[in-house]
Amino acid sequence: MRAVLQVVKSGRVLVDRKTVGEIGPGMVALLGVGKEDGLEDARYLAEKIAGLRIFADPAGKINLSLGDIGGKILVVSQFTLYWDCRKGRRPSFDKAAPPEQALGLYENFVSQLRSLGLGVETGEFQARMLVEIYNQGPITVLLDSKREF
């Protein structure tokens, strides 16, 4: 699984001009699921994200987790994180999980975040979404359950 995390002042997802998920201060997670991913990948990323200290403390030091600041996370499915653009000009999505597999792991990931005590909002799986991200910092983190960056 891959995630692009952004520390945000706010985030919102709209589908057909209707808000389906919205948060104030916290983080937005764009989440991609690959063909090789399983429940262990969802658990690993959920635990990593819950404990990640990427928020500033009162002294301005990047030292606090999402739970420490009482923030929420907005999770948005993003299969394009598994596009491969190395050959040609049109991305290949062969490494992305099929929708049935991806939906199950996406839902498991969200459930794991909630079980860790985080407030979670979501987009709508497989929908055309307008994602508003009011990035703060800016702070952006890339995570992959199979690789180190």
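No value in this document is a laboratory result; all are computed from the given coordinates. Nothing here was measured: the structure is a model prediction, and the numbers come from that model. Using ideal geometry, Cβ is built from the backbone for each residue, glycine included, and neighbour counts are taken over all protein chains shown.
A few points about this structure:
- q = 0.12, 0.20, 0.22 Å⁻¹, region 85-149: log10 I(q)/I(0) [Debye, one scatterer per Cα]: -0.50, -1.34, -1.41
- The angle separating the long axis of helix 39-51 from the principal Cα axis of greatest extent in the chain is about 20 degrees.
- In sequence order, calculated HN-Hα J values of region 112-122 (Karplus, 6.51, -1.76, 1.60; Hz; x Gly/Pro): 5, 4, 5, 5, 8, x, 8, x, 10, 10, 9
- Dipole in debye (nearest 20) - the chain, about Cα centre, beta carbon charges: Lys, Arg +1; Asp, Glu -1: 480 debye
- Whole-angstrom gap from region 25-67 to region 70-146, using each part's C-alpha centre: 12 Å
- Amide hydrogen neighbours beyond the local backbone of V8, cut-off 5 Å, H modeled: G26, M27, V28, Q136
- Here the 3J(HN,Hα) profile of region 65-73, calculated from phi with Karplus coefficients 6.51, -1.76 and 1.60 at θ = phi - 60°, is 8, 4, x, 4, 8, x, x, 10, 10 Hz, Gly and Pro shown as x.
- Net charge of the neighbourhood of A96, taken over other residues with C-beta under 13 Å away and scored Lys/Arg +1, Asp/Glu -1, is -2.
- Residue-normalised convex hull volume from the C-alpha trace of region 1-65: 94 Å³ per residue.
- When you work out D = kT/(6 pi eta Rh) for the chain at 25 °C and 0.890 mPa s, using the Kirkwood radius from C-alpha pairs as Rh and the Stokes-Einstein form, the result is 157 µm²/s.
- Efficiency of FRET from Cβ geometry, R147 and E100, R₀ 25 Å, rounded to 0.05: 0.50
- Using just its DSSP H runs of length 4 or more, each adding -39500 (n - 2.57), the chain gives a mean residue ellipticity at 222 nm of -7000 deg cm²/dmol after division by all residues.
- Amide H contacts of A96 (H built 1.01 Å from N, in plane; Pro and chain starts excluded): K35 sit under 5 Å, all sequence-distant by 5 or more or on other chains.
- For the pair N63 and C85, a Förster radius of 35 Å applied to the C-beta separation gives a FRET efficiency near 0.45, rounded to the nearest 0.05.
- Cross-link pairs exceeding 27 Å in C-alpha to C-alpha distance, out of K18/K95; K18/K48; K72/K146; K35/K87; K9/K146; K9/K48, comprise K18/K95; K18/K48; K9/K146.
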